[in-house]
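First up is the structure itself, then whatever we jot down about it.
The values are calculated or read from the model by the stated rules, or taken from the named source; none is laboratory data. Predicted, not measured: the structure shown is a model, and the values here were computed from it. In this analysis, Cβ positions are derived from the backbone assuming ideal geometry, glycine residues included, and neighbour counts consider all displayed protein chains.
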Amino acid sequence: MKLSQARIEPLTESEWTDEQREVLEARYKEGVVYNVMGTLARHWEAAKKFNGWAFHVMGDSQTLAPRERELLILRIGWLCQAEYEWGQHVLFGRQAGLSDEEIARIKKGPDDPAWDPFDASLLRAADELHAEALISDATWAALGERYNTQQLMDVVFTVGQYNLVSMALNTFGVQLDKGVKGF
């Protein structure tokens, strides 16, 4: 973790407003509110707006296959050294079909020869967006061989969303949730 303790502590259940309780209980039916959501709840108006976009990127309106989305999220989380993001999305990545070996290789990046060429292009897109805020023509063309316009847009939206999330998590000092491993 970049910070060993939270700069902004997650809102506790005893601090929730009625509106927060309604939203958080509906969203987290299993009874556990992730530290990221508890922290964002400290700025409730922003959190409500943020969640609308976040649910596009992680939800049913997203045009990318879950496995491909998780490749992008894990790579940008690694590049940003966002340990909270990495730990949470290792779990989501496994659910989406990524193997532990693939998850470990995400850290090595797109030039690892074991990657399928398309998966390498996804990782490269995350690298290019992180470094240059632009996907190169070559990577765009490689992705465009399989992806339509909306999917290409969702590549950028996914990396951009999780770059923002990584910056927030690192800066706010959001600590790992119970039972979630970091790097």
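Things to note:
- Check on Thr158, modelled with pLDDT of 95 or more, more than 15 Å from the chain's Cα centre (by Cα) and of a type in the set (Ser, Thr, Tyr): no
- Figure legend. Inter-residue proximity from region 167-183: first residues in a helix (DSSP H, G or I), second residues surrounded by 18 or more Cβ atoms within 10 Å (Cβ to Cβ) and among the β-branched types (Val, Ile, Thr), beta-carbon distance below 9 Å, spacing 6+ or different chains. Indicated pairs: Ala168/Val36; Ala168/Thr39; Ala168/Val174; Leu169/Val36; Leu169/Thr39; Phe172/Val36; Phe172/Thr39.
- Scanning region 85-97 for residues that are more than 16 Å from Tyr162 (Cα to Cα) and in contact with a helix residue (DSSP H, G or I) (Cβ under 6 Å, 6 or more places away or on another chain) yields a count of 2.
- All conditions but one from (1) crowded, with 20+ Cβ neighbours inside 10 Å; (2) in a helix (DSSP H, G or I); (3) β-branched (Val, Ile, Thr) apply to Ile135; the one that does not is (2).
- Just so you know, in region 145-166 the residues that are of a type in the set (S, T, N, Q) and in contact (Cβ under 8 Å) with a residue 40 or more places away in the chain include one that is surrounded by the fewest Cβ atoms within 10 Å (Cβ to Cβ), and it is Asn148.
- Any hit, region 113-122, residues being surrounded by 20 or more Cβ atoms within 10 Å (Cβ to Cβ) and charged (D, E, K, R): no
- Criterion: over 16 Å from Ser166 (Cα atoms), in a helix (DSSP H, G or I) and outside the structural domain of Met153 (by TED's automatic domain parsing) - qualifying residue of Glu101, Glu22: Glu22
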